[in-house]
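Heads up, the thing below is written out as structure tokens.
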Amino acid sequence: MKELNLQLKDTEWPLEYIDHDRKIVRAIVFDDQENYYFVRAKRDDDFGKATLIETSGGGVEAGEDLETALKRELKEELGAEVEIMHKIGIVSDYYNLIHRHNINNYYLCRVKSFGTKHLTQQEIDNFHLSTLKLNYEEAVAEYEKCAATKIGKLIAARELPVLKYAKKLIDEDLKPNRRSKEI
């Protein structure tokens, strides 16, 4: 399948200027029973008060390649060791409120095991991150519910198309061919 390449705008806050780009890695993480793993963030900051669902991931550090950054972030936030299955693509979006352009590199990852999380103090204090295990329908409903806030709307606009694309990848490319069972 062709990689996603989405260009999104921030329609929630006015654009004054953008003064920096942030290279980010994110993953749709799933297991063999088709459960999906996300982080729940509780925010009370410049973006407002909100409880959100988000894919696990974060900023790429200087000198770090994308896949190394991804595995580090998934270990930190979910405690997960993963197998990277596919690069889903890139979603470019903006947070006008903090003058930032996000370059989100999305991957599809299968969980190999779970262990200890290694959250930063900022993630603990500012975002109260926790792990969510949801089926596909629950995840879609959670994004739609969280879109009631301005920041939730931006995150849902970025992540729902990626989740839907990932589901299609799993159904078409990673499951055994259903037709061969019918013959």
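The values are calculated or read from the model by the stated rules, or taken from the named source; none is laboratory data. This structure is a prediction, so every number in the text was calculated from the model and none was measured. Cβ coordinates were reconstructed from backbone atoms using ideal geometry, including for glycine residues, and neighbour counts include every protein chain displayed. Just the protein is used for accessible areas: all its heavy atoms, side chains included, with ligands, DNA and RNA removed. Shrake-Rupley method; radii C 1.70, N 1.55, O 1.52, S 1.80 Å.
Structure notes:
- For segment 132-145, the set of residues classified as open to solvent by 50 Å² or more (accessible area, probe 1.4 Å), in contact (Cβ under 8 Å) with a residue 12 or more places away in the chain and in contact with a Leu (Cβ under 9 Å, 6 or more places away or on another chain) consists of GLU144 only.
- Tallying residues that are outside any helix (DSSP H, G or I), more than 18 Å from ILE98 (Cα to Cα) and either open to solvent by 10 Å² or more (accessible area, probe 1.4 Å) or among the aliphatic types (A, V, I, L, M) (or both) within segment 58-84 yields 11.
- Some residue of segment 1-10 being more than 16 Å from ASN104 (Cβ to Cβ) and either in contact with an Asp or Glu (Cβ under 9 Å, 6 or more places away or on another chain) or of a type in the set (Asp, Glu) (or both): yes
- Complete set of residues in segment 144-154 that are touching a strand residue (DSSP E or B) at 6+ places or on another chain (Cβ under 6 Å) and within 19 Å of GLY57 (Cβ to Cβ): CYS146, ILE151, GLY152
- Qualifying residue in segment 121-131 (condition: touching a residue at least 60 places away in the same chain (Cβ under 8 Å) and touching a helix residue (DSSP H, G or I) at 6+ places or on another chain (Cβ under 7 Å)): yes
- Verdict on PHE38 being farther than 20 Å from GLY115 by Cβ and open to solvent by less than 40 Å² (accessible area, probe 1.4 Å): no
- Residue match in segment 12-32 (condition: open to solvent by 30 Å² or more (accessible area, probe 1.4 Å), in contact with an Asp or Glu (Cβ under 8 Å, 6 or more places away or on another chain) and in contact (Cβ under 8 Å) with a residue 24 or more places away in the chain): no
- Selection within segment 109-125: residues that are open to solvent by less than 80 Å² (accessible area, probe 1.4 Å) and of a type outside the set (D, E, K, R). The member of this set that is modelled with the lowest pLDDT is ILE124.
- Within segment 123-143, tally of residues that are closer than 18 Å to VAL91 by Cβ and more than 15 Å from the chain's Cα centre (by Cα): 0
- Within segment 87-107, the residues that satisfy the criterion of being at negative phi and under 14 Å from the mean Cα position of the chain (by Cα) are LYS87, ILE88, ILE90, VAL91, SER92, ASP93, ASN102, ILE103, ASN104, ASN105, TYR106, TYR107.
- Residues that are at pLDDT 95 or above, out of contact with any helix residue (DSSP H, G or I) (no Cβ under 9 Å at 6 or more places or on another chain) and β-branched (Val, Ile, Thr) do occur in segment 76-92, at least one of them.
- Criterion applied to LEU160, LEU154, LEU97, LEU108 was being more than 17 Å from LEU52 (Cα to Cα) and part of a helix (DSSP H, G or I), and the one residue passing it is LEU97.
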